[in-house]
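Some notes on the structure that comes next.
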Amino acid sequence: MAGAKGLSINLATVRQQFDLQQACEACARQGIEWVAPWRDQLAKVGAAEAARIIAGSGLRVTGLCRGGMFTTDPNAIDDNRRAIDEAATIGADHLVLVVGGLPAGSRDLAAARQKVAEGLAAVLPYARAAKIPLAIEPLHPMYAPDRAVINTLAQALDLCSALGEGVGVVLDTYHLWWDPELLPQIARAGRDKRILAHHISDFLVPTRDLLNDRGMMGDGVIDFKGFRHAVEAAGFTGPQEVELFSHDWWGKPGDQVIATCIERFNAFC
Ligand code: ZN
């Protein structure tokens, strides 16, 4: 049981096996103290009931996934405000933002990035009032076309500096491991007090599916201990959140997946 301390389970990891209640019970049984649910999991029961399910299992919430999509959703501002309300209802530490990719037919990255900055600025006062920090998650550049035009930690931190209080970053090993500027930028994120979350999953070789072939820690090429040391040296000591979108792991029993997350977290992270 002690082995699960400091680990959060992002509930996408067992989304095919469990509903919210089953996932929370399974995590609690294995000594997990933190989870990160998705909004569709909340929507099935309502945010208030989701809050009861999570707290009733003795769990706390790292991030709510997710808001964002400023470049492609015409109702993004309203939707992000609803996401902030939901995050507050379940007592989430922060709201994770996947900022959005290129609009259909566009090749104008600069315009898309400008739209992200404007969307964030529009939502930020509401987030500050609700005391829910907005966590910008820079995604691996392979997602720039369709998910997020913020692709490096430096870019995300520049945005934070421009926006001021109430916004920070997610440090996800899968998205950031390759960046030659990673270590100095993690140190900068710490100095700027912007680190809100530390996500973990491994990068497989070969990666057979751009979205749903993330690796269990230890199965790929990422130096998790090196990443962790940099994050801790930058002053962040919150949970590491394992977030696996994986057809392989969705095909295994949920209890086994959670047990493997704990085992690999202790061995590799
Ligand atoms: Zn992540």
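The values are calculated or read from the model by the stated rules, or taken from the named source; none is laboratory data. Source: prediction; values computed, not measured. Note: ideal-geometry Cβ built from the backbone for every residue, glycine included; neighbour counts use all protein chains shown. Keep in mind that these areas ignore ligands, DNA and RNA; they rest on the heavy atoms of the full protein, side chains included. Shrake-Rupley method; radii C 1.70, N 1.55, O 1.52, S 1.80 Å.
Pairs exceeding 29 Å between alpha-carbon atoms, taken from K131/K252; K5/K252; K44/K193: K131/K252; K44/K193. For the chain, the share of DSSP beta bridges that are antiparallel, to the nearest 5, is 5%.
The apolar share of the surface of the chain, taken as the fraction of accessible area on carbon and sulfur atoms (1.4 Å probe, ligands and nucleic acids excluded), comes to 53 percent.
Would region 25-157 count as rounded, prolate or oblate if I go by the C-alpha gyration tensor, calling it rounded below 1.5 in a/c and otherwise prolate when a/b exceeds b/c, oblate otherwise? In terms of gyration-tensor shape, prolate. Each pair of Cα atoms in region 213-255 enters the Kirkwood radius, and Stokes-Einstein at 25 °C and 0.890 mPa s then converts it into a translational diffusion coefficient of 201 µm²/s. Look at where the Cα atoms of region 41-82 and of region 223-269 average out, and the two centres are 22 Å apart. Annotation for A233 and D255: the two label points, set 7 Å from Cα along the Cα-Cβ direction, are 4.2 nm apart. Amide hydrogen proximity for D172: with H placed 1.01 Å from N in the peptide plane, the residues at 5 or more positions away or on another chain lying under 5 Å are H199. For region 117-269, the C-alpha radius of gyration sits at 1.07 times the compact-globule guess of 2.2 N^0.38 Å, with N the residue count. The DSSP beta bridges internal to region 101-222 are antiparallel in roughly 10% of cases.
For K115, a cut-off of 18 angstrom between C-alpha atoms picks up these aspartates and glutamates, skipping any fewer than 8 places away in its own chain: D73, D78, D79, E137, D146, D158.
Applying both filters, DSSP loop and at most 12 other Cβ atoms within 10 Å, to the GluC sites (Glu not before Pro) of region 107-214 gives E165, E181. Over region 160-206, the hull volume per residue, using the convex hull of the C-alpha atoms, is 82 Å³.
Compared with the alpha-carbon gap, the fully stretched path from E263 to R191 is longer by 22.7 nm at 0.36 nm per residue.
Taking 1 over the mean of 1/r across every pair of different Cα atoms in the chain, what Kirkwood radius in Å do you get? Its Kirkwood hydrodynamic radius stands at 18.5 Å.
Probing with 1.4 Å while keeping every protein chain in the model, the per residue accessible area of the chain equals 41 Å².
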